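In what follows, a structure is listed as structure tokens, so that the remarks can point back to it.
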Amino acid sequence: MGLINKLLTFINSLFWHIYNGSPKSSQKLINKRFSICVECDSYDSINKQCLQCGCNINQEKILLNKLAWADQKCPLNKW
């Protein structure tokens, strides 16, 4: 996924996340999503990111972690 596409995907996700009131995931939900992602064929373990949406995959409860946004979903509908 190119940098432009990655940026556009992030901006779109961020827009909807803010629009929905910025709901946060619990650490338990982040951990569950993380375990699904790291087992997926679309997970790039070297760069620690999803090859479908370009998002970084980690277990931190931070702003730039899609797994920490309760209103987001996996582009492959795995979570």
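The values are calculated or read from the model by the stated rules, or taken from the named source; none is laboratory data. Keep in mind it's a predicted model, so treat the numbers as computed, not measured. Backbone-built Cβ (ideal geometry, glycine too); neighbour counts: all protein chains shown.
One residue stands out among those in the range 44-59 that are surrounded by fewer than 17 Cβ atoms within 10 Å (Cβ to Cβ) and touching a residue at least 12 places away in the same chain (Cβ under 8 Å): the one that is farthest from ILE4 (Cα to Cα), which is GLN59.
If you scan the range 20-43, which residues turn out to be among the polar types (S, T, N, Q), touching a Leu at 6+ places or on another chain (Cβ under 8 Å) and more than 15 Å from LYS6 (Cα to Cα)?
SER25
Might you check whether a residue that is within 11 Å of the chain's Cα centre (by Cα), part of a helix (DSSP H, G or I), farther than 16 Å from TRP79 by Cα and among the hydroxyl-bearing types (Ser, Thr, Tyr) occurs anywhere in the range 4-16?
From the range 4-16, those within 11 Å of the chain's Cα centre (by Cα) are 9-10, 13-14; that's our starting set.
Restricting the remaining residues to those that are part of a helix (DSSP H, G or I) gives 9-10, 13-14.
Cutting the leftovers down to farther than 16 Å from TRP79 by Cα gives us 9-10, 14.
Next cut, among the hydroxyl-bearing types (Ser, Thr, Tyr) only: 9.
Taking every residue of the range 4-16 in turn, at least one turns out to be within 11 Å of the chain's Cα centre (by Cα), part of a helix (DSSP H, G or I), farther than 16 Å from TRP79 by Cα and among the hydroxyl-bearing types (Ser, Thr, Tyr).
The listed residues are LYS32, LYS24, LYS28, LYS6, and the only one of them that is loosely packed, with under 13 Cβ neighbours inside 10 Å and basic (Lys, Arg) turns out to be LYS28. SER35 falls short of the stated requirement of being more than 10 Å from the chain's Cα centre (by Cα) and assigned to a loop (DSSP other than H, G, I, E, B).
Take ASN65 and decide whether it is surrounded by fewer than 12 Cβ atoms within 10 Å (Cβ to Cβ) and either out of contact with any Leu (no Cβ under 8 Å at 6 or more places or on another chain) or at pLDDT 95 or above (or both). So ASN65 fails the test.
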